[in-house]
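**Q** First, the structure itself, so that you have it in front of you.
The values are calculated or read from the model by the stated rules, or taken from the named source; none is laboratory data. Everything quoted here is computed from the prediction, not taken from an experiment. Ideal geometry is used to build each Cβ from the backbone, glycine not excepted, and the neighbour counts take in all protein chains shown.
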Amino acid sequence: MVDGFLGTLTTEERTLLHLFDNILPEGNWEAPNTITQAGISAAVHVQRKHVPRTLKKLEKNSDLTTGQRHVPGARQKRRVYGLTPSGRERAGELRERILSELVIRNGEKVTLSSLRKGGQMTLELISHVDEGMVFHDSPVTSPVSNPEGVASLDAQAGEDLVRRMLARAWEDGKITNDEQQLITEVVNFVGMHPDRVRRLSDEARRAQNAPPPEEVYLDMLRQALIDGEIMQDEIALLTTMREAFGIDLETHEKLVAEAILDPALDDATKAYRASLETALEDGMITPDEDAILATLRTTLDIPESRHATLLAEILDRDD
């Protein structure tokens, strides 16, 4: 769930705005990570699993163009995305409409465009506006592609996975090259900013509350199976994780079976999901509903990562 005015925009609208500000360079050998699926996922506050559907809709409408480019930090070429002329026209009209919105800052009504700093991305500017169209100096919600701030609920499952992996890696007091390589792949997969990773790493090193490797692997399986299907890039990442954690095929199959059953057949999760769906009937979670859901999570022992996964699944279904 994305807080504030940003949450009133659809995933497709947020993607258009992001790609309008992040142009696919023509004829270049290299392209930034911001226009990969991971980069788009982080910027628009949607789990990476759900990005392809939005991109396919844009491509079907002739608003999207794609290519293969080298991305800094990646060992192989990655698919990158940009807007066609019609896509840029559509995104530009949306951008102008949003920037002309009136917001309240320090008790006065001003246009949102007047608060834009030089070179500031449109989505980053919008993230400072809450549901009541009040502008705040700090973002209401920060994507994991930003170094600071609280991640949106859609992104918290990925952040929690990275946190648990770092805790596991720091268990013996150091991170090996193999562990670093695996963490880097997962970080690239979720589109997380390096400074945010360093902060999480420092927290994990100090806490050293390492979960069993099977639990971390199960978390990844649960995220991969959100829509009942494991994509090709997720298979490659899971294979790397399995090898790094020393998980044999028998354990892998057992954990896959558990991931398939959980949370679909879990009574507590089903009850919580029903409450979450009720809260989201009007498209947003009010502060009162959020407080009730938080109490329900405590009562039913629903972890934040599962809440974020369920929320992303419900929002993706309704988007």
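**Q** Pairs under 6 Å by beta carbon, first residue polar (S, T, N, Q) in region 194-208, partner surrounded by 12 or more Cβ atoms within 10 Å (Cβ to Cβ), six or more apart or different chains?
**A** 201/166; 208/170
**Q** Related question: Looking at residue 14, is it closer than 16 Å to residue 88 by Cβ, assigned by TED's automatic domain parsing to the domain that holds residue 69 and in contact (Cβ under 8 Å) with a residue 12 or more places away in the chain? Break it down stepwise before answering.
**A** Working: closer than 16 Å to residue 88 by Cβ: yes; assigned by TED's automatic domain parsing to the domain that holds residue 69: yes; in contact (Cβ under 8 Å) with a residue 12 or more places away in the chain: yes.
Yes: the conditions hold for residue 14.
**Q** Follow-up. What strands (runs of 3 or more DSSP E) completely inside region 21-112 contain at least 1 residues that are under 30 Å from residue 196 (Cβ atoms)? Let's see the steps before the verdict.
**A** Details: elements: 64-69, 78-83, 102-105, 108-111.
In region 21-112, the matching strands (runs of 3 or more DSSP E) lie at 64-69, 78-83, 102-105.
**Q** On to the next question. Return the residues of region 25-38 that are crowded, with 19+ Cβ neighbours inside 10 Å and more than 21 Å from residue 98 (Cβ to Cβ); say none if nothing qualifies.
**A** Step one: list which residues in region 25-38 are crowded, with 19+ Cβ neighbours inside 10 Å, which gives 31, 33-38.
Across region 25-38, the qualifying residues are 31, 33, 36, 37, 38.
**Q** Regarding residue 118, is this residue modelled with pLDDT of 85 or more, in a loop (DSSP other than H, G, I, E, B) and either outside the structural domain of residue 308 (by TED's automatic domain parsing) or out of contact with any helix residue (DSSP H, G or I) (no Cβ under 8 Å at 6 or more places or on another chain) (or both)?
**A** Values: modelled with pLDDT of 85 or more: no; in a loop (DSSP other than H, G, I, E, B): yes; either outside the structural domain of residue 308 (by TED's automatic domain parsing) or out of contact with any helix residue (DSSP H, G or I) (no Cβ under 8 Å at 6 or more places or on another chain) (or both): yes.
Considered against the rule, which asks whether it is modelled with pLDDT of 85 or more, in a loop (DSSP other than H, G, I, E, B) and either outside the structural domain of residue 308 (by TED's automatic domain parsing) or out of contact with any helix residue (DSSP H, G or I) (no Cβ under 8 Å at 6 or more places or on another chain) (or both), residue 118 comes out as no.
**Q** Condition check: touching a Gly at 6+ places or on another chain (Cβ under 6 Å) and hydrophobic (A, V, I, L, M, F, W, C). Does residue 51 satisfy that? Show your work before the answer.
**A** Details: touching a Gly at 6+ places or on another chain (Cβ under 6 Å): no; hydrophobic (A, V, I, L, M, F, W, C): yes.
Judged against the criteria, residue 51 is not a match.
Yes or no, residue by residue, for (1) at pLDDT 80 or above; (2) loosely packed, with under 15 Cβ neighbours inside 10 Å:
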| site | (1), (2) |
| --- | --- |
| 207 | no, yes |
| 247 | yes, no |
| 262 | no, no |
| 268 | no, no |
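**Q** Can I ask one more? Within region 39-69, take every residue that is exposed (fewer than 15 other Cβ atoms within 10 Å of the Cβ) and in contact with a strand residue (DSSP E or B) (Cβ under 7 Å, 6 or more places away or on another chain) and give me the one that is farthest from residue 184 (Cα to Cα).
**A** 66
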